[in-house]
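Derivation of every value follows stated rules applied to the coordinates shown; laboratory data play no part. Just so you know, these numbers come straight off a predicted model, no measurement behind them. Cβ sites come from the backbone with ideal geometry, for glycine too, and all protein chains shown count toward neighbours.
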């Protein structure tokens, strides 16, 4: 089966050009070695549960700008937990925007998040931060 080298879409035999990227298809996709030099982290910690997507986006932006690895996990899908479209379906029940950071970055993440959210951060934290950690 041919593949698009850009978007990696698989096509049926006989197709020669990607309909989206308008480039020639290839028989095999190249090996993706872009992760070879990326650090791997173990022991990710559920550091906080945030009450809004705005808080989650603010924290994520700040942490990434400081090169602190971080991920936000949401308990809702694209259309909310009920699967219905609408404003109310996008808000997670019980504030399920979870901030995850690798264990070795907890203190740095805590310090930066506290600067951004202040008292809201203290309410959202799920882990007691020990600076000597």
- Query: What is the extension gain from residue 53 to residue 73, computed as 0.36 nm multiplied by their sequence separation minus the C-alpha to C-alpha distance, in nm to one decimal?
  - Reply: 6.2 nm
- Message: Which of 122, 13 has the fewest other C-beta atoms within 10 Å, and how do the rest follow up to the most?
- Response: 13, 122
- Extension gain (nm, one decimal) between residue 43 and residue 126, 0.36 nm per residue minus Cα-Cα: 28.3 nm
